């Protein structure tokens, strides 16, 4: 039986990698994907806990996370499309109008 | 080392590698495919953790729908300009991420090992149980999620529609 | 332990073997069928010592040889890795889906009870859809990897079309799941062994003499669902009248313009495998799967009372044979479709999927729910 | 004496007495215009009439020592401190109830005629009904807070009605004056209530309920009680126009005459008396306050009378006489003769309402003329008004066997027998002056030749029946209302027995019946002198009214100008206050307050101009900062583990 810690550590690493992606990439689509990666890392911890605590709550939460992730991805991609239409780029550094 | 642990480590390696590929590959489509791989591996983890339902949903929703949507958008925009990274920012980001991982790992390992896995019964993770808790304890969140999805649909249509 | 493993391996091998062969046979059926319908002879050139075998030689031997010996061309500006990955991703789901489709009831042999189904998952139908949803990657990746405007367009079309019709497909099946109350295909198949009179609620008992003798097949309980499922399944296989991703007339060959040789063969086989899988699903969900009307484990029990006992092996054989026959019939039906209906326009495809199938499926779910509640 | 709880009876009818006028008021407020002025007025009058009928019914059922209670709901509750919205009717309340609804009803009817030509009639009746509602709240509330709500409510209505003809700026000013002066008094009143609650609370009793208060006030130390009662009395001086806060009442005459009759003569101004009577158990424990009240009452009676003798405005005279009569009531309160005070409230309500309505009828006839020098000889033109006026005048002057005679005489006798000889002297003289100025008014208005201008003469007419009927009824009341409280040597008083349930047994009379009769005779003599003087000066047909009077004397001018009290207040309080406000508004506010605010704003802008550099607009930078914060938290948690 694989102990709980292993899963947690793996998910932590994946999560950190996702953060890294969000930090350093300069392509909105990839950033969005990295966010999905982080979400899934968290989902993994949820499922692991639900398994090791023997309660369904974790799985239910993951279910909701998926729903929210779907909504988030849809909206994010829609935003990306409209942004790309206006200023032929996906580079977040190019989108700095929102400041003083 | 018993086979389940072996499988775990193999999957873990694959998962980490594919996640790294998501972050570090230059080509967006390659990133997407790497992410698909990562998602599938996580789905396998779910199944091994007695959450087959959620695992299948993972494949169905993430790999089957969301990622296809990503690819669809990538093809639609087809961004040709390759991104040029800036060294300083990369090093800073990597440093921060490493710190995060270095902080999280001990954090999570310090948490005392959870109780008996025997609590997981035969039915555990089956559609029945998931549905039971979904429609008994979590009805309200469930409904709210449905509304959220509706809102997302409308929002997406409004955002992506060409105005003219 | 070893024996169990061997049994599972045998089942898997058998199913895989059957599906692939069936795919080949379908190639032959398609070509000869088209020839018949278009009043030509067709597929009769290749022959071994003058033996053409009605084109069997052509389709089962010559064509594969030709494909495998052709040059495997990758467009220079394309993406080699993905270009290779795509056909596998197209073929793989079609093949593994069949794992959860039961092709018979239990087989008692040497004191063992063998469930005639490769993998008995308690989430069977969901598994089918999950794997099916992966099928789209083959097209999309292939289209993108070959870096060709036609194929890119085909890929975009394909991804949109397949996602759209997956939704309608899933929703159309929900009605069936509600009726039989399980996700497991083997259970669904077993439940269809009942007779309608055993399922009729009290307030409908006056219908007993009229329809009571019918077997409780999905087609009788969920006719609308079957129509929707059939349409969606055909669209999923990307064949005429839904061949927009391929679109010979406007996109040359759509997503596999740049494919040749073995990779194209894989796409080709994948398509037929999908047909087989779809046929298997239709059979299992709506036409009783391996059920023979009035045939139970020890023989026939006709509604008018006469019973006709059979040995176990005979029963199992009958079941498997029936299943195969049904699957073959639906494969033939889908192929026949290709030569008998005109193609849709792309916007028509989308409108059909979103504005007709989806609402109808939802309507079906609602009606089913109402009836079930009323029946309790 | 604490009323035994056994005699408390739950009685759900009470709430309707209060609610009906409110309902009528609301209906008129929203749909009055749709109904039309006349039907709106009819509705309003009917509503008050209904309340009156209910009140009579309740009065009929009420046992002498019993209390009816009607708990509507618990208004609020905090800890053990609970305040109910609930009503009670005991003997005292019953009297006030009948006065308010009965007289109120008559005056409503009267207003139908009086306000008939006014465009604001609907609004008028809305206010009037609202007033009745609040007044009933005041007299029927079973705890001090409900009473206070009613107290403030009637103040509001008084303000609204004084400024009813808001087109004339002076009326608005008069309304403001009434309101502000009352605020001073109410502030004292509120302080008194708060002090009472907190002090009792300190003893562990959290209540405002009258009965419970009655049961527990003995706990308080005398000094505290004196302070509380004094503060409460300050409120009473404001509402009941006693020295030094009487100045608003004369100006309040700017309102329509029915209002003056109802609010500023019969009911509202007596609220102070009612309040002191209602809290008699409290005041009884504060002899020092009582003596103060006695003195202020006497002084007010005299002071107002001296002003009244020279006024030429028909309503001003009545206003000052009201102040004077209120002085009598407070004198009675001051000497502990609560039932006598309420008795005078009762009778005074009749004849003073009658007088006001009569004057209103006169003003109505003369098309708004209020100066008595432009009247005279109206006897011939409006007989009904005249005779009712005569009766009411006799009553207020205290002619035997009229209502005023019994009540005023009772107060005088009680004062004397209580040993407050000095106050007795003062009010004795006041009685004479009362007779003088009332008959002066009678002569100036109704006798002699008519001095009205031609135009007024032209449409001189007796008022319609709808106005004179109430006058007649009130006149009858002005005679017989007093017979309830006849002295012992006549057929005796039923009044004291009636109120004994509330105030306990009437104070024993020191002194013999002979003394009492003698006191009465002395009073009558003084009154006769007053009447004689009035006749001599104004009664004879050859007297030159207006010019004849020796306007030269300093005393006369003092009196005519109300001792310049308004001017003094203006100089002492108003002007310094406005000056102070000016100073703060024009120097402090722009420089200090605005300066501070603007300074803060400027400082903020300066700081932000420094920090704005952090806002690069680049999401990833923000995320990095966010991540740093997360890491800090993480490090902290790790440190905890």
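Read the figures in this text as sums done on the coordinates, not as results from a lab. Here the structure is a predicted model, which means the values were calculated and not measured. Quick reminder, even Gly has a Cβ in these numbers, built from the backbone with ideal geometry, and neighbours come from all protein chains shown.
The label point for residue C:207 and the one for residue C:68, both projected 7 Å from the Cα toward the Cβ, are 5.3 nm apart.
Rounded, prolate or oblate: which one fits the range A:4-94, using the alpha carbon gyration tensor with axes a ≥ b ≥ c (rounded when a/c is under 1.5, else prolate when a/b beats b/c, else oblate)? Verdict is oblate for the range A:4-94. Inter-chain Cβ neighbour count for C:150-159, averaged per residue, equals 2 (cutoff 10 Å, partner chain atoms only). How far is the Cα center of the range D:147-164 from the Cα center of the range D:243-265, in Å? Cα centroid to Cα centroid, the span is 12 Å. With both labels modelled 7 Å from their Cα along Cα-to-Cβ, the residue D:53 to residue D:491 distance reads 3.0 nm.
Per residue of C:180-188, other chain Cβ atoms within 10 Å of the residue Cβ number 1 on average. For the pair residue D:33 and residue D:401, the difference between a 0.36 nm per residue extended length and the Cα-Cα distance amounts to 127.8 nm. Could you calculate the FRET efficiency of residue D:169 with residue D:585 from 1/(1 + (r/R0)^6), where r is the beta carbon distance between them and R0 is 25 Å, rounded to 0.05? E(calc), rounded to 0.05, equals 0.65. Per-residue shielding of A:42-51, expressed as the average number of other chain Cβ atoms within 10 Å of the residue Cβ, stands at 6. Taking 0.36 nm per residue of separation and subtracting the Cα-Cα distance, full extension of the segment from residue D:373 to residue D:615 would add 78.7 nm. Our note on the geometry: Cα centres of the range D:457-492 and the range B:44-114, 98 Å apart. Packing order of peptides D:239-251, D:265-277, highest average first: D:265-277, D:239-251 (average count of other Cβ atoms within 10 Å over each peptide's residues). Computed on the range C:73-375, the Cα convex hull volume stands at 141 Å³ per residue. Note on residue D:638 and residue C:300: the model spin-label points, each 7 Å out from Cα along the C-beta direction, lie 7.7 nm apart.
Between the range C:245-311 and the range D:354-417, the alpha-carbon centres lie 114 Å apart. Hey, what angle do you get for helix C:124-145 against the long axis of chain C, alpha-carbon based, 0 to 90 degrees rounded to 10? Helix C:124-145 and the main axis of chain C meet at about 10 degrees. Maximal additional length on extending the residue D:380-residue D:596 stretch stands at 70.4 nm, based on 0.36 nm per residue less the C-alpha distance.
For the peptides C:7-17, C:232-242, residues were scored by their other Cβ atoms within 10 Å and the scores averaged per peptide; the highest-first order is C:232-242, C:7-17. Over the protein assembly as shown, dividing the summed -39,500 (n - 2.57) contributions of all DSSP H runs of at least 4 residues by the number of residues returns a 222 nm mean residue ellipticity of -22000 deg cm²/dmol. In plain terms, the C-alpha convex hull of the protein assembly as shown casts an average shadow of 77.5 nm² when viewed from every direction. For residue C:39 and residue C:6, a Förster radius of 35 Å and the Cβ-Cβ distance give a FRET efficiency of 0.10, rounded to the nearest 0.05. At an R0 of 35 angstrom, the distance between the Cβ atoms of residue D:560 and residue D:517 translates into a FRET efficiency of 0.35.
From the largest down, the range D:267-312 spans 42, 25, 6 angstrom on the principal axes of its Cα atoms. By the count of other C-beta atoms within 10 Å, a proxy for reagent exposure, D:434, D:74 are ordered fewest to most as D:74, D:434. Listed from fewest to most Cβ neighbours within 10 Å, the set D:186, C:4, D:118 follows the order C:4, D:118, D:186. For chain A, the longest principal axis of the Cα atoms and the long axis of helix A:4-24 meet at an angle of about 0 degrees. Residue order for D:344, D:216, fewest other beta carbons within 10 angstrom first, comes to D:216, D:344.
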